[in-house]
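This report concerns only the one structure given below.
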Amino acid sequence: GKTTLTKLLLCEERVSSGRLHIGPYKLEKLPRRRIPYLRRKMGVVFQDFRLFDNKTAYENIAFALRVTGEGKKLIQKRVPYFLNIVGLRDKAASYPTELSGGEKQRIAYARALVNNPYIVIADEPTGNLDSRTGADVMRLFHELHESGNTIVLITHDAKIAAQTPRAIHIHDGRVLEPADENEVVI
């Protein structure tokens, strides 16, 4: 269910019944030409990171800004800031093959956050992190949530789910909460 949910949120798969909304976007009705505009408002951290092996940590993060048309000055300001937030400023010139799993995940977080998305989707957000770094990531998500961002943590980890203000449980492909299982509004 969690992979399907991720694909539905990213419009990689289409809603076949019920309703799924992200802000003003009704995903069950969203035309394909509008999907890139929705995705620009999202920050996504995949379980397998999806970093470019031929780009440095800095370039992987900058890529998220470049594809939205941001200028060089903004990129030069924001990328080091987010490298610092995830504690990897000293790894800016490192390639993914030179990074640990936890470091790759933190680069993926920086890339997901650099555009100030209003929704962040994180698949198994602490899966490759040590307990201290995992706690730091959860603190970052709490801060983002407190500042108005929607954070969707997709996890099997009951301890992570217990740290969230609201959990939606999916069992055998069925939404168990909210009460109206035909509608999920994010």
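The values are calculated or read from the model by the stated rules, or taken from the named source; none is laboratory data. Please read all numbers here as calculations on a predicted model, not as lab measurements. Note that each Cβ is placed from the backbone with ideal geometry, even for glycine, and that neighbours are counted across all protein chains shown. These area figures cover heavy atoms from the full protein model, side chains too; ligands, DNA and RNA do not enter into them. Shrake-Rupley method; radii C 1.70, N 1.55, O 1.52, S 1.80 Å.
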Restricting attention to segment 79-109, which residues are within 18 Å of ASP130 (Cβ to Cβ) and free of Cβ contacts under 8 Å to residues at least 12 places away in the same chain? ASP90, SER100
For segment 41-62, give me the residue count where each residue is open to solvent by 70 Å² or more (accessible area, probe 1.4 Å) and within 20 Å of ILE154 (Cα to Cα). 4
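When residues of segment 121-147 are filtered for being more than 20 Å from THR6 (Cα to Cα), open to solvent by 60 Å² or more (accessible area, probe 1.4 Å) and in a loop (DSSP other than H, G, I, E, B), how many remain? Show your work before the answer.
Taking segment 121-147 as the starting set, the residues that turn out to be more than 20 Å from THR6 (Cα to Cα) are 129-136, 139-140, 142-143, 146-147.
Imposing the further condition that a residue be open to solvent by 60 Å² or more (accessible area, probe 1.4 Å) reduces the set to 130-132, 136, 139, 142-143, 146-147.
Then drop every residue that is not in a loop (DSSP other than H, G, I, E, B), which leaves 130, 147.
Looking only at that region, the number is 2.
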Pairs returned, first residue in segment 18-29 that is under 14 Å from THR150 (Cβ atoms) and part of a strand (DSSP E or B), second residue that is open to solvent by less than 40 Å² (accessible area, probe 1.4 Å) and modelled with pLDDT under 90, beta-carbon separation under 8 angstrom, 6 or more apart or interchain, are LEU20/VAL184; HIS21/VAL184
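Would you confirm whether any residue within segment 88-101 is within 19 Å of the chain's Cα centre (by Cα) and either part of a loop (DSSP other than H, G, I, E, B) or at pLDDT 90 or above (or both)? Can you show your working first?
To start, the set of residues in segment 88-101 that are within 19 Å of the chain's Cα centre (by Cα) comprises 88, 96, 101.
Now restrict to residues that are either part of a loop (DSSP other than H, G, I, E, B) or at pLDDT 90 or above (or both): 88, 96.
Yes, segment 88-101 contains at least one residue that is within 19 Å of the chain's Cα centre (by Cα) and either part of a loop (DSSP other than H, G, I, E, B) or at pLDDT 90 or above (or both).
Test LEU65 against the criterion of being surrounded by 16 or more Cβ atoms within 10 Å (Cβ to Cβ), touching a Phe, Trp or Tyr at 6+ places or on another chain (Cβ under 9 Å) and in contact (Cβ under 8 Å) with a residue 24 or more places away in the chain, and give yes or no. Full working, then the answer.
Numbers: surrounded by 16 or more Cβ atoms within 10 Å (Cβ to Cβ): yes; touching a Phe, Trp or Tyr at 6+ places or on another chain (Cβ under 9 Å): no; in contact (Cβ under 8 Å) with a residue 24 or more places away in the chain: yes.
No: the conditions fail for LEU65.
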